[in-house]
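Colleague: Below are the C-alpha cells for one structure; questions will follow.
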Amino acid sequence: MNHTWTACLVAGGAAAALLLACALGTPAAENAPKAGANVCLRGNLANCRIQFERARKGHVAFIGGSITEMEGYRPMVSDLLKRRFPNTEFTFTAAGISSTCSTTGAFRLATDVLAKGPVDLFFIEFAVNDDQDAGHARQECIRGMEGILRQARRYNTKMDIVITYFVNEGMMKTYREGKTPVSIAAHEEVAERYGISTIHLAREVTQQIDAGTLTWQKYGGVHPAPFGNALCTGMIDELMTRAWARPLGAGDEMTAYPLPEPLDPLSYANARFVDPKEAAIKQGWKLEVPEWKKLKGSSRSRFTSIPMLWAEEPGAELTLKFTGTAVGAYIVAGPDAGIVEAGVDGGPLRDVNLLHHFSKGLHYPRTVMLATDLKAGDHTLVLRISPKTEGTGHAMRIMQFGVN
C-alpha cells in the first residue's frame, strides 16, 4: 500500500478538500515524507490482518475523548482500512466521548466497546485528555491505560491495538524543554510493557513545526483540522505498511498475546460501571432525569436524557456496597458542583471536590475517584454532601458508579 496520506502533506498549502481527495486514492509520491521514529511498530499487527483478509469481516473500535468523537482521524482511518481491504465487511465502533480521560475509558470500556462484540483492531487516544482535562499524574495515567489494555486483551487475547498520542500546545512546550509529557511517557511505558504499537503524533507535529514545515494553525490545534487528521492517518498508514510489508503466508496463523504482570497491581483492570440503583439512600438523593432547563450552565445532549442519582443539599447521604480495590463516580459537574465527603468501611471521611476547571459554564463529564488503594474484597462506601463548596451550589449528579 502506498503512503497516500503522507503524500497529501507534501503540498503544504493545499486546501483541506484537496487533502481529502488525495486521501481517497491518489498514488503517493516516491519522495513523500515519512514519520520515521515517530511511528513505533511493536509486533506485526498480524492477527487483524489475517481476520480481514481471510474471514473478510472485521470489527474495528476507537476509544478516546473529543478527538475520537469528532469527525477527524477516526473516519479517515476507517476509510483507509476499507481501501486496504476492499473485499472486507467492516463494523466500526465509535466510542469517543468529549472531555473523558483514560480513567473514564477504563470504567466504560466494557459497555461502550467490548459489549459490541469481539474487536480485531482497537485504536486508543487519551494523551491530551489525561493532560489538559484530567491533569493526571503518572500513576493515574498508568492505571487508566493499563486498565484498558488488560481488559481488552482478556476479552480477546488476539486483539491488535494501536495507541496514538495527540498534542496540545503545553505538551509541545514540554518536548521543547527536552522532556516528555507526563501522559505520553506513562502511556508509552504501558505500551512497551504490553507490546503495543504507538503513533507519536505529538512529537511529529512539534518537530515539523520547529523545522518550519508545519504550523500549529495548519495542523488545526487541539482538535486537528483535516490537514492534521490526515497527517495522523498517514502515520497510521505507515505503521500498517511496515507491519504488512510481506504477503500473508499460507502458514500464518493468529496467535494469542501474553498478558504480562501489571505495572501497577491497582490498575483499573477490573473496572466496570455499577448502576446507581444499587446505592442505598439514607436521605436527600433522587434517581431521575435532572431538570436541565432550570440549571445554569450548558449541557451536552448525550447526557440530558439520562436518569441520574443526584442531590443538591448538604447532608444528603447514601451508602454503596461493592467488591474491589477502588470506587468512583462518573458524573456531570456544572457550576453548582459541590464537595462530597467519602469514606469506606467506617473509616474517616475525606473531601472530594467535584468542581472542574471547565465547569464554570458547562455540566462537564468526569470520573472522580472516591476511594482507591483498598484491600481487595467487600466494602461499603459512605457518600455525603458537604456543607462546603467552591462552586455556586452543592450538587452531585451521578450517571454511574465505577468499581474496580
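Colleague: Of the residues in region 143-170, how many are touching a helix residue (DSSP H, G or I) at 6+ places or on another chain (Cβ under 9 Å), in contact (Cβ under 8 Å) with a residue 40 or more places away in the chain and part of a helix (DSSP H, G or I)?
Modeller: Total meeting the criteria: 13.
Colleague: Something else now. Using the structure shown, decide if A61 is buried (at least 24 other Cβ atoms within 10 Å of the Cβ) and over 10 Å from the mean Cα position of the chain (by Cα).
Modeller: On the way: buried (at least 24 other Cβ atoms within 10 Å of the Cβ): yes; over 10 Å from the mean Cα position of the chain (by Cα): yes.
It is true that A61 is buried (at least 24 other Cβ atoms within 10 Å of the Cβ) and over 10 Å from the mean Cα position of the chain (by Cα).
Colleague: Among the residues of region 115-142 satisfying the criterion of being over 14 Å from the mean Cα position of the chain (by Cα) and among the hydrophobic types (A, V, I, L, M, F, W, C), which is farthest from G43 (Cα to Cα)?
Modeller: Restricting to residues being over 14 Å from the mean Cα position of the chain (by Cα) and among the hydrophobic types (A, V, I, L, M, F, W, C), the top hit is A137.
Colleague: Now for a separate question. Output the qualifying pairs, or none if there are none: Cβ atoms under 8 angstrom, residues six or more apart or on different chains, first residue in region 207-229 and basic (K, R), second residue not in a helix (DSSP H, G or I).
Modeller: If the second residue must be not in a helix (DSSP H, G or I), the pairs left are K218/G12; K218/A225.
So that you can scan it fast, the table gives a plain yes or no per residue for (1) part of a loop (DSSP other than H, G, I, E, B); (2) under 26 Å from I148 (Cα atoms); (3) not assigned by TED's automatic domain parsing to the domain that holds R42:
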{"position": "A185", "(1), (2), (3)": "no, yes, no"}
{"position": "E192", "(1), (2), (3)": "no, yes, no"}
{"position": "T206", "(1), (2), (3)": "no, no, no"}
{"position": "L214", "(1), (2), (3)": "yes, no, no"}
{"position": "K218", "(1), (2), (3)": "no, no, no"}
{"position": "L239", "(1), (2), (3)": "no, yes, no"}
{"position": "P265", "(1), (2), (3)": "yes, yes, yes"}
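Colleague: Among the candidates R246, R272, R302, which residue alone is touching a residue at least 40 places away in the same chain (Cβ under 8 Å) and surrounded by fewer than 17 Cβ atoms within 10 Å (Cβ to Cβ)?
Modeller: Working: R246 fails: touching a residue at least 40 places away in the same chain (Cβ under 8 Å); R272 fails: surrounded by fewer than 17 Cβ atoms within 10 Å (Cβ to Cβ).
Every option except R302 fails the conditions.
Colleague: Criterion first (more than 23 Å from the chain's Cα centre (by Cα) and either surrounded by fewer than 14 Cβ atoms within 10 Å (Cβ to Cβ) or within 17 Å of I398 (Cβ to Cβ) (or both)) does T319 satisfy it?
Modeller: Numbers: more than 23 Å from the chain's Cα centre (by Cα): yes; either surrounded by fewer than 14 Cβ atoms within 10 Å (Cβ to Cβ) or within 17 Å of I398 (Cβ to Cβ) (or both): yes.
Here the answer is yes, as T319 does meet what is asked.
Colleague: Next question. Taking only pairs six or more apart or across chains, which ones have beta-carbon atoms under 8 Å, a first residue in region 335-352 that is loosely packed, with under 13 Cβ neighbours inside 10 Å and assigned to a strand (DSSP E or B), and a second residue that is of a type outside the set (G, A, S) and modelled with pLDDT of 95 or more?
Modeller: So the pair list comes out as R350/E341; D351/I339; D351/V340; D351/E341; D351/K388.
Colleague: Further question: So is A280 crowded, with 21+ Cβ neighbours inside 10 Å and of a type in the set (A, V, I, L, M, F, W, C) or not? It would help to see each step written out before you state the result.
Modeller: On the way: crowded, with 21+ Cβ neighbours inside 10 Å: no; of a type in the set (A, V, I, L, M, F, W, C): yes.
Answer is no for this residue.
Colleague: When you check P365 against the structure, is it within 26 Å of the chain's Cα centre (by Cα), in the same structural domain as K286 (by TED's automatic domain parsing) and either surrounded by 14 or more Cβ atoms within 10 Å (Cβ to Cβ) or in a strand (DSSP E or B) (or both), yes or no? Explain how you work it out, then say what you get.
Modeller: Numbers: within 26 Å of the chain's Cα centre (by Cα): yes; in the same structural domain as K286 (by TED's automatic domain parsing): yes; either surrounded by 14 or more Cβ atoms within 10 Å (Cβ to Cβ) or in a strand (DSSP E or B) (or both): yes.
Spelling it out, P365 is indeed within 26 Å of the chain's Cα centre (by Cα), in the same structural domain as K286 (by TED's automatic domain parsing) and either surrounded by 14 or more Cβ atoms within 10 Å (Cβ to Cβ) or in a strand (DSSP E or B) (or both).
Colleague: So which of G393, G346, G361 ends up being at pLDDT below 95 and small (G, A, S)?
Modeller: Details: G393 fails: at pLDDT below 95; G346 fails: at pLDDT below 95.
Exactly one of G393, G346, G361 is at pLDDT below 95 and small (G, A, S), namely G361.
Colleague: Turning to a different aspect of this structure: Being β-branched (V, I, T) and out of contact with any strand residue (DSSP E or B) (no Cβ under 9 Å at 6 or more places or on another chain) is the filter here, so list the residues in region 120-169 that pass it.
Modeller: Pass one, region 120-169, residues β-branched (V, I, T): 124, 128, 142, 148, 157, 161-164, 167.
Those that are β-branched (V, I, T) and out of contact with any strand residue (DSSP E or B) (no Cβ under 9 Å at 6 or more places or on another chain): I142, T157, V167.
Colleague: If we scan region 246-264, do we find a residue that is touching a strand residue (DSSP E or B) at 6+ places or on another chain (Cβ under 6 Å) and charged (D, E, K, R)? Working first, answer last.
Modeller: From region 246-264, those touching a strand residue (DSSP E or B) at 6+ places or on another chain (Cβ under 6 Å) are none; that's our starting set.
There is no residue in region 246-264 that is touching a strand residue (DSSP E or B) at 6+ places or on another chain (Cβ under 6 Å) and charged (D, E, K, R).
Colleague: Also, quick follow-up: Between a first residue in region 178-195 that is touching a residue at least 40 places away in the same chain (Cβ under 8 Å) and a second residue that is small (G, A, S) and surrounded by fewer than 19 Cβ atoms within 10 Å (Cβ to Cβ), which pairs have beta carbons less than 8 Å apart while being 6 or more apart in sequence or on different chains?
Modeller: Sorted first by the residue in region 178-195, then by its partner, the pairs are P181/G170; V182/A137; G195/G43.
Colleague: Taking L309 and the conditions (1) assigned to a helix (DSSP H, G or I); (2) buried (at least 18 other Cβ atoms within 10 Å of the Cβ); (3) assigned by TED's automatic domain parsing to the domain that holds I339, which numbered condition does it fall short on, given that it satisfies the others?
Modeller: For L309, the exception is condition (1).
Colleague: Report yes if A106 is outside any helix (DSSP H, G or I), buried (at least 23 other Cβ atoms within 10 Å of the Cβ) and in contact (Cβ under 8 Å) with a residue 40 or more places away in the chain, otherwise no.
Modeller: On the way: outside any helix (DSSP H, G or I): no; buried (at least 23 other Cβ atoms within 10 Å of the Cβ): yes; in contact (Cβ under 8 Å) with a residue 40 or more places away in the chain: yes.
Considered against the rule, which asks whether it is outside any helix (DSSP H, G or I), buried (at least 23 other Cβ atoms within 10 Å of the Cβ) and in contact (Cβ under 8 Å) with a residue 40 or more places away in the chain, A106 comes out as no.
The values are calculated or read from the model by the stated rules, or taken from the named source; none is laboratory data. What you are looking at is a predicted structure, and each value in this text was computed from that prediction instead of being measured. Neighbour counts are summed over all protein chains in view; Cβ atoms, including those assigned to glycine, are modelled from backbone coordinates with ideal geometry.
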